[in-house]
Amino acid sequence: MRNILFFIAALLLLPVISDAQSNYTSSNKKAIKSYEEALTAFDRMDYGNAVILMEKALKSDDEFVEAHLVLAEIYLENGDNKKAINSYKKSIEINPNFFPGLYYSLGLLEMAENEFIEAKEHFEKYLGFKNLKPAIMSMAKKKIKTCEFAIKAIKNPVPFNPLNLGDSINSEFDEYWPTITADEQTIIFTRLIPINSEVGIKMVGGKNPVIDLESVQEDFFISEKENNVWLGAQNIGEPLNTTGNEGAQTVSVDGRTMYFTACNREDGRGRCDIYKCKSENGEWSVPENIGSPVNSKFWEAQPSISPDGKTLFFVSNREGGLGGKDIWISTQNSAGEWSKPINPGEKINSRGDEQSPFIHPDNQTLYFSSNGRIGMGSSDLFKANRNDDGTWNEAVNLGYPINTTFDEIGLIVNAKGDRALFSSDRLDRKRRDIFEFELYKEARPDPVSYMKGNVFDSEKKTKLQARFELINLATDSIIMQAESDAVTGEFLLCIPSNNDYALNVSKSGYLFYSDNFSLKGVFDISEPYLKDVALNLIKQGEKIILKNIFYETDSYELKQESLSELNRLLTFLNQNHQINIEISGHTDNVGLHDYNMELSENRAKSVYTFLINNKINIERLTYKGYGEMQPISSNETKEGRADNRRTEIKILN
């Protein structure tokens, strides 16, 4: 921020410093001599002597306007905004109309010091002058709106109490771009480390050191939680980390797929591209460039993958955007191909720069950074919600003091939606560290629960790699998808709130597994589903309970919510042409025996009819009703009776 202010101020004041040399506001020879010697020292970047000489000039003539202005510039270059502001104000007291651009520069400085009321007054004063440059006028008007927003935001602060993640995660170096798994047991982040340890510590560590970019590199680090405490972070190592820079990563909700940014690689299409790699049993694959149309000859970076793994948000300066850097969106089809990226438009992007998109596991809430929207004066963090039709609502500023006059870039929110993580150097006045804080309610996404466990062969107990699909029963759309680890069989799957879901687990050569969840109404987000899934080999006599086949009460009419399960059964039969099945209907023991037998048979026939209507050979299918004759749970409880009311298929041959 300081360098930007200095650059703008120097441009505005340059005409004054140069043109006034033959016509100073002072006629005091001693003052002029000291002033010109100070300019020479300033030009040599000898700021210490420049201050001494300029103060000497002002001692000779305290009404020397140019001396006050250049002294302000020296203070500004040294990072002393307060003294620079005082010097600017002194020059205004001497001659309010000496140079209109001074009011603009003073306003910028006051914004940097959170003096928004004073800044607004000075921007308004600047706009009162005639013959101003249109570009600077436009900027001043935007700054006034920024000041108005900031004044209101500071009067109405949002709850914010950030906590440092501690020495297990943070070090003497910079840590940033955190990502966590849905169960919050794994964190991956980027660390700026020295290439040569002795040189690097000198250049990177310590209080406000100057970083030699040629002596440092970015690597990924990972940490696991044990007894709710982060263990010491470890370098992920090869092949993910290299001697070059890797960073700005996004990790799938189960922590097994990573997209990240790498620059200047031999297989790159532009200066920076997006890469992908996968983890099996803790071992990462060799990263691959995801190619076009996502990557291009332009700059692509800062990816964020949706919880279903099918939508990629990223930042690019490619043609067709609204500003310098925009957020773009690409979707993946069933063949694994990425679509041509689309720009979500002005509800997300602005004429400035948008960065660090993060799509929450609810798949509806996007957090990002922007310097093109009205905020606290620099890059602020915003939240935008996606509607069911795919459109976006207007982005909302997360407020003060989450946002400040510093650049806020890079925020993620846990699956529960109650805590956020971000990186900052403004909280402890040293290198960038990773912090977490409780996210206030209005800024939260929809909460997301999760299921985790293992997949294994029901007989041999060997671990299996299987495909998971979580399907919204109301829309018959896939909400989440994942695969279990090929070695450990472990899986983790997010489950958004406020819907009814079908879960299908499938693997070639095995019967698929069916389950359902209802997260409507009140539920305990802190209690995830822990479940091991046993898959049965396809062989004679094996059964599947179709837990997502639903009928109207006391009826054999299939509900719309059954469509997902019926289509899954249809796919299974089309993939396994050699098998024949029996479809069986079952009831609880409520009601007359004959009524239950008839109802169960008609329900089985409804599924049978659906399959025939969808071109399954009638010779492969039979159906039968068993009424209450084959219970799988006690009929003494409501839950048991619900289990007994079911539709099954059995492999006949």
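The values are calculated or read from the model by the stated rules, or taken from the named source; none is laboratory data. This one's a predicted model, so the numbers in the text were calculated from it and none came from an experiment. Neighbour counts run over all protein chains shown; Cβ positions are idealised from the backbone, glycine included.
Yes/no matrix, rows are residues, columns are (1) more than 24 Å from the chain's Cα centre (by Cα); (2) modelled with pLDDT under 85; (3) farther than 24 Å from Thr647 by Cα:
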position	(1), (2), (3)
Tyr450	no, no, yes
Glu469	no, no, no
Leu473	yes, no, no
Cys494	no, no, yes
Tyr501	yes, no, no
Leu511	yes, no, no
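Of the residues in region 256-271, at least one is more than 16 Å from the chain's Cα centre (by Cα) and within 23 Å of Leu493 (Cα to Cα). Picking from residues in region 397-419 that are under 16 Å from Asp362 (Cβ atoms) and touching a Phe, Trp or Tyr at 6+ places or on another chain (Cβ under 8 Å), the one that is surrounded by the most Cβ atoms within 10 Å (Cβ to Cβ) is Ala415.
Within region 56-96, the set of residues being surrounded by fewer than 16 Cβ atoms within 10 Å (Cβ to Cβ), over 23 Å from Asp43 (Cα atoms) and touching a helix residue (DSSP H, G or I) at 6+ places or on another chain (Cβ under 8 Å) comprises Ile94, Asn95.
Filtered by the rule that a residue be crowded, with 20+ Cβ neighbours inside 10 Å and either over 17 Å from the mean Cα position of the chain (by Cα) or touching a residue at least 40 places away in the same chain (Cβ under 8 Å) (or both), region 322-349 gives Ile327, Pro341, Pro344, Ile348.
The number of residues in region 172-224 that are part of a loop (DSSP other than H, G, I, E, B), at pLDDT 90 or above and surrounded by fewer than 18 Cβ atoms within 10 Å (Cβ to Cβ) comes to 2. Taking region 45-65 as the range and being more than 17 Å from Phe98 (Cβ to Cβ) and among the aromatic types (Phe, Trp, Tyr) as the test, only Tyr47 passes. If you filter region 350-372 down to residues that are among the charged types (D, E, K, R) and within 18 Å of Thr391 (Cβ to Cβ), you find that the one that is surrounded by the most Cβ atoms within 10 Å (Cβ to Cβ) is Glu354.
I'm trying to understand the selection: among the residues of region 418-443, which are without any contact (Cβ under 8 Å) to a residue 60 or more places away in the chain and under 16 Å from the mean Cα position of the chain (by Cα)? Those that are without any contact (Cβ under 8 Å) to a residue 60 or more places away in the chain and under 16 Å from the mean Cα position of the chain (by Cα): Asp418, Arg419, Ala420, Leu439.
Out of all the residues in region 522-554, which are in contact (Cβ under 8 Å) with a residue 12 or more places away in the chain, hydroxyl-bearing (Ser, Thr, Tyr) and surrounded by fewer than 17 Cβ atoms within 10 Å (Cβ to Cβ)? Ser526, Tyr529, listed by residue number.
For first residues located in region 24-53 and in the same structural domain as His68 (by TED's automatic domain parsing) and farther than 15 Å from Leu69 by Cβ, partners that are β-branched (Val, Ile, Thr) and part of a helix (DSSP H, G or I) and lie 6+ apart or on another chain with Cβ distances below 8 Å form the pairs Tyr47/Ile74. For first residues located in region 560-589 and at pLDDT below 95, partners that are surrounded by fewer than 19 Cβ atoms within 10 Å (Cβ to Cβ) and of a type in the set (Gly, Ala, Ser) and lie 6+ apart or on another chain with Cβ distances below 7 Å form the pairs Glu561/Ala474. Within region 178-189, identify whether any single residue is among the acidic types (Asp, Glu) and more than 30 Å from Ile495 (Cα to Cα), and answer yes or no. The answer is no; no qualifying residue exists. Among the residues making up region 149-171, those that are surrounded by 14 or more Cβ atoms within 10 Å (Cβ to Cβ), in a helix (DSSP H, G or I) and not β-branched (Val, Ile, Thr) are Phe149, Ala150, Ala153.
The rows are residues; the columns are (1) surrounded by fewer than 13 Cβ atoms within 10 Å (Cβ to Cβ); (2) of a type in the set (Gly, Ala, Ser); (3) assigned to a helix (DSSP H, G or I).
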| position | (1), (2), (3) |
| --- | --- |
| Gly585 | no, yes, no |
| Asp588 | no, no, no |
| Glu601 | no, no, yes |
| Met629 | no, no, no |
| Ile632 | yes, no, no |
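Residue-level check: of (1) in a helix (DSSP H, G or I); (2) buried (at least 18 other Cβ atoms within 10 Å of the Cβ), Phe99 misses just (1). State whether the residues of region 294-307 include one that is in contact with a Pro (Cβ under 8 Å, 6 or more places away or on another chain), assigned by TED's automatic domain parsing to the domain that holds Asn397 and not in a strand (DSSP E or B). Yes: region 294-307 contains one or more residues that are in contact with a Pro (Cβ under 8 Å, 6 or more places away or on another chain), assigned by TED's automatic domain parsing to the domain that holds Asn397 and not in a strand (DSSP E or B). Taking each residue of region 391-408 that is among the aliphatic types (A, V, I, L, M) and looking for partners that are part of a loop (DSSP other than H, G, I, E, B) with beta-carbon atoms closer than 6 Å, six or more apart or interchain, yields Ile402/Phe160. Only one of the listed residues (Ser518, Ser506) is within 24 Å of Gly640 (Cβ to Cβ) and in the same structural domain as Leu470 (by TED's automatic domain parsing). That residue is Ser518. When each of Ile434, Ile409, Ile374 is tested for being more than 25 Å from Thr186 (Cβ to Cβ) and either touching a Gly at 6+ places or on another chain (Cβ under 6 Å) or of a type in the set (Val, Ile, Thr) (or both), the lone residue that passes is Ile374.
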